[in-house]
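Take a look at the structure set out below.
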Amino acid sequence: MSLTRFAVCLVFVGASLGACAKPPSHLTASADLAPHAYQATDRTITNSIFAASKPVTDQPMPERIFTSGHLAGRTLAVASTADIILRPGEVILTFDDGPRPGKTPAILDTLDAFGVKATFLMLGRAAAANPKLAASVALAGHTVGSHTYDHADLSGKTHQEALDDIAQGERAISAALAQSGQVLSPFFRFPYLAQTGFLRTNLMLGNMVVLDVDIDSKDYYSETSEQVAARTMARLEARGSGIILFHDIHQRTVDMLPGFLAQLEQKGYSVVRLVPKDSGVFGRDVITADAPVIDGALRPGAPHPGPVLQ
């Protein structure tokens with residue numbers, strides 16, 4: 001090879017290598033991004049023939065990246081709230097405030113049609129009024145937890161009053177389920193999501209699993225079923241996974257659920273079934289915070305209450 005040709009090659013190679021990348025440029029996060037979304041701070045711009053990848057926050061949610069297209073996902077057995085860890089694309093369906101005649105049965109039919117299971121956080125008063133309906137939820141393979149007796153704001157009660165309300169709700173639901181040989185699972189959600197550190201800690205020490213909410217459908221608003229479905233899906237798309245809150249007492253929820261589940265399936269999400277890690281109620285009796293006391297002692301035969309913080 002001549003010296004001239006060798007020099008030309010060196011120039012060509014040097015120019016090619018110099019065009020591989022430019023120094024990282026700073027990327028300012030948009031104020032419109034969701035507060036919990038990942039925000040990139042640096043991005044490398046290349047001179048590749050392929051366009052530079054967009055930040056993850058700018059990319060639409062791809063379809064069918066999470067599952068094979070089957071909506072029913074795995075069963076997640078948990079012993080504590082901390083055990084509820086979802087993978088991208090996984091959701092847990094929860095329904096509060098039931099059971100409600102004319103509404104809950106329709107919800108069960110839709111869930112069955114899609115082959116998925118949900119968690120129902122029932123009110124003691126509603127379960128006591130509709131024991132067969134409450135039992136039908138558990139008999140269908142869904143998880144039944146509690147939501148107090150009459151949906152009071154526990155944060156406005158004294159410690160003892162709040163524990164009494166929780167205990168009353170558990171006993172009522174347990175009695176309704178027992179008529180059909182079913183048992184209450186140790187899942188609980190605070191009404192209005194209103195809680196105190198005392199109550200949350202007390203329940204967790206008593207082996208209760210407190211269910212929080214990642215995506216609130218707000219199906220209690222006087223809106224159309226289409227609006228509820230659109231809002232819920234938008235929040236899910238922004239987050240990617242999570243525990244979804246519905247209520248099986250509204251007709252708009254009954255109406256929106258088939259289309260919403262079909263959209264979940266089309267987009268590749270999967271519905272996780274939530275169950276207790278151990279059978280029954282973790283081997284404990286229901287909360288006995290309001291167990292009657294005679295001369296400072298529990299009545300004979302009454303189970304001993306769990307730990308109560310002072």
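Derivation of every value follows stated rules applied to the coordinates shown; laboratory data play no part. What you are looking at is a predicted structure, and each value in this text was computed from that prediction instead of being measured. Quick reminder, even Gly has a Cβ in these numbers, built from the backbone with ideal geometry, and neighbours come from all protein chains shown.
Extension gain, Ala140 to Asp112: 0.36 nm times the residue separation minus the Cα-Cα distance gives 9.3 nm.
Evaluated with a Cβ-only charge set (Lys, Arg +1; Asp, Glu -1), the stretch 74-288 carries a dipole of roughly 320 debye about its Cα centre, given to the nearest 20.
Among Asp96, Asp248, Asp153, rank each residue by its count of other Cβ atoms within 10 Å, from fewest to most, as a rough exposure measure.
Asp153, Asp96, Asp248
Each of Val183, Val137, Val210 has some number of other Cβ atoms within 10 Å of its Cβ, and from fewest to most they run Val183, Val210, Val137. Label point of Asp150 set 7 angstrom out along Cα-Cβ; within the stretch 166-205, amide nitrogens under 13 Å from it belong to 166, 168-169. In plain terms, the residue of Thr232, Thr158 with the fewest other Cβ atoms within 10 Å comes first and the most crowded comes last, giving Thr158, Thr232. Between Leu193 and Thr224, the modelled labels are 2.6 nm apart [label points 7 Å from Cα along Cα→Cβ].
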